[in-house]
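**Student:** Have a look at this one before I ask anything.
Just so it is clear, none of the values below were taken in a lab; they were calculated from the coordinates. If you're wondering where the values come from, they're calculated on a predicted model, not measured in any experiment. With ideal geometry, Cβ positions are generated from the backbone for all residues, glycine too; neighbour counts draw on all protein chains shown.
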Amino acid sequence: MSFLTNLARSNGDPKVLQSGPSSLSSSDRLARNLGWFSIGLGLAEIFAAKKITHALGMRGKENLVRTFGVREITSGFMTLSIDRQAGLTGRVAGDALDIFTLASIMRPDNHKRENAALALAMVAGITLLDIIATGANSIRHTSRQGQRRSYDDRSGFPKGVETARGAARKQLADLRPTPTDASDTLKNPASAGD
């Protein structure tokens, strides 16, 4: 992965030698996975709307399912963006619409209501995950008044401060003229400009 990162950097930027541990918490990873799931589900709703409506006994509602697909993709991209909280909140609101729609087709005259009941159970499970991710993300990324994050354990040097100091001392020693170089310069001042 550092190879791809280095391709995008300009020539003056330092190269990435090794990436450290991920700073993503479990709630961040859950939100990211829900975002990708939302995009995949949205694409399925757009491109397989007829199959979905047939399986649930909702024939004639293909445009509604496609609209839900667009909503899912939008929520997915927002969940993967910097404004993750808005995306997660959008997912919860979308889940409420999905539950309402699925509950409305649970009529006795729908001969595919078993499929609708299964879909309703799956949406309820995903809704629970969305609510958990929304709450955890809110707690993790809300700044607390009067409290600052501590970065005391970070130096910015990949191998530590002492290694960086040692490397700097070595480079400085390499730049200093040796005693023989200094005496040559004093004997022959014209060679100093070379």
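**Student:** What order do you get for 109-115, 160-166, 28-34, 85-91 when each peptide is scored by the mean count of other beta carbon atoms within 10 Å, highest first? Intermediate results must be reported in sequence, preceding the final value.
**Tutor:** Values: 109-115: 13.1, 160-166: 11.3, 28-34: 18.0, 85-91: 21.3.
With the highest mean Cβ count within 10 Å placed first, the list reads 85-91, 28-34, 109-115, 160-166.
**Student:** A follow-up question, please. Could you name the lysines whose alpha carbon sits less than 26 Å from that of Lys112, not counting residues in the same chain fewer than 8 places away?
**Tutor:** Lys50, Lys51, Lys61
**Student:** Starting at the first residue of region 51-68, write each ³J(HN,Hα) from the Karplus equation 6.51 cos²θ - 1.76 cosθ + 1.60 with θ = phi - 60°, in whole Hz, x for Gly and Pro.
**Tutor:** 5, 5, 5, 5, 5, 9, x, 10, 3, x, 10, 4, 5, 5, 5, 5, 5, 4
**Student:** Using a cut-off of 14 Å between beta-carbons, work out the net charge of the residues near Gly90 (Lys and Arg +1, Asp and Glu -1, Gly90 not included). Walk me through the intermediate numbers first.
**Tutor:** Details: positive: Arg71, Arg84, Arg91; negative: Glu72, Asp83, Asp95, Asp98, Asp130.
Net charge around Gly90: -2.
**Student:** Another question about this same structure. Contour minus end-to-end for Leu118 and Leu172, with contour as 0.36 nm per residue of separation and end-to-end as the Cα-Cα distance?
**Tutor:** Details: separation 54, 0.36 × 54 = 19.44 nm, distance 7.03 nm.
Gain on stretching Leu118 to Leu172: 12.4 nm.
**Student:** Here is a further query. How high is the FRET efficiency from Arg148 to Ser25, r the C-beta distance, R0 25 Å, rounded to 0.05?
**Tutor:** Numbers: r = 19 Å, r/R0 = 0.75.
The formula returns an efficiency of 0.85 here.
**Student:** Reachable lysines from Lys159, Cα under 27 Å, same-chain residues fewer than 8 places away excluded?
**Tutor:** Reachable lysines: Lys15, Lys170.
**Student:** Kindly provide log₁₀ I(q)/I(0) values, in the same order as q = 0.09, 0.10, 0.11 Å⁻¹, from the Debye equation applied to equal alpha-carbon scatterers of region 29-180.
**Tutor:** Those come out to -0.47, -0.52, -0.58, one per q.
**Student:** Can you give me the distance in nm between label points at Ile139 and Ala44, each placed 7 Å from the Cα along the Cα-to-Cβ direction?
**Tutor:** Inter-label distance under the simple model: 3.0 nm.
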